[in-house]
Amino acid sequence: MNCIIPSGNIKIINKALHTLAKIGDELYIEAKPDYLQLATINQSKTSYITFNFQNIFFSTYELENKQCSTDTSAALTCKLYIKAMLNIFKAKGLKEKNIDWCKIEFEDDPTKMLLKLKYKQDVVINHTIKLIDMEFVSVTYDKDKMPNQINSTGSFFGHVLTNFQTSDEDMSLDVKTNGVTVRNYDVACNNIGKRIRSQLVLNSNEFILYRIGEECNITMSFKPFRAAVAFAETFTLPIIMNFDTGGKPVIVTIRSPIFEANFVLSTIAPDGSTQSCT
């Protein structure tokens, strides 16, 4: 595989890696003829995150025949530690604006990935990253079959989050046809403790789109949702939330013409259990 990320998109890939690192420790890479996917899943398997970068995201995007045939279902897959990638982009003195391009290569050695950074001073630095294995993880879901969808800007959801403490673990959404109440606690839970209880009432007309086919109450983790909102705010992108009832996953989507991010987040079932998103 040979793909080159141009200077203008280095910030996007860098922010995507940092977002994935907030959720999981391992980075799954899948390369197909029309896109490159970066994914991770947390240890409890309750949050699964993917970034799909279309081939137009890259200035060069090539998959060799021996790695991926003309069959669009064929793919090159591998797994590595996210920290290995972050250490490169966090290197002392590294600034995105000083990079001309970033090149990802897979060569004959199946245990290594080569990452090249070309600087504006005509300096090219090669980084060799050891792969864990050629494994890939995927989660199947169909957003179009979910009865509920709410959309708004990243900054809108960012404002919502300012009403809650960063130490809050779970967010509960009491969704009605005329609006939603966001809480940092589950009203059905008697063991709330002494923490500060907060809630925010949002009317349906405050959203760009508010379509509720089935009223529900869902509870999910604040952490991955905060990561999604932070990424959307960075690039001034809207957030789309598709969901069903409690116990079924919430799909948070951030979309641009050249990439799409999906956050698959488990919710708590009415009986109090949390199912994995895989």
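The values are calculated or read from the model by the stated rules, or taken from the named source; none is laboratory data. These figures come from a predicted structure and were not determined experimentally. For neighbour counting, all protein chains shown are included, and Cβ atoms are generated from backbone atoms with ideal geometry for every residue, glycine included.
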* Taking region 122-147 as the search range and keeping residues that are among the charged types (D, E, K, R) and part of a loop (DSSP other than H, G, I, E, B), which one is surrounded by the most Cβ atoms within 10 Å (Cβ to Cβ)? -> E135
* Residues of region 97-112 being without any contact (Cβ under 8 Å) to a residue 40 or more places away in the chain and either touching a Leu at 6+ places or on another chain (Cβ under 6 Å) or not assigned by TED's automatic domain parsing to the domain that holds E26 (or both), which ones? -> T111
* To do: Could you check, for region 224-234, whether at least one of its residues is of a type in the set (D, E) and either closer than 14 Å to T46 by Cα or touching a residue at least 40 places away in the same chain (Cβ under 8 Å) (or both)?
  => yes
* region 166-185 residues that are without any contact (Cβ under 8 Å) to a residue 24 or more places away in the chain, paired with ones that are of a type in the set (D, E, K, R) and part of a strand (DSSP E or B) (beta carbon under 6 Å, 6 or more apart) -> T181/D174
* Asked: Filter region 222-253 for residues that are under 14 Å from the mean Cα position of the chain (by Cα) and of a type in the set (S, T, Y); which is nearest to D170 (Cα to Cα)?
  -> T253
* To do: Could you please let me know if I239 is in contact with a Lys or Arg (Cβ under 9 Å, 6 or more places away or on another chain) and in contact (Cβ under 8 Å) with a residue 24 or more places away in the chain?
  => no
* Does region 4-25 contain at least one residue that is in the same structural domain as K90 (by TED's automatic domain parsing), at pLDDT 95 or above and acidic (D, E)? -> yes
* **Flag for F156 being outside any strand (DSSP E or B), touching a residue at least 24 places away in the same chain (Cβ under 8 Å) and touching a Lys or Arg at 6+ places or on another chain (Cβ under 8 Å)** => no
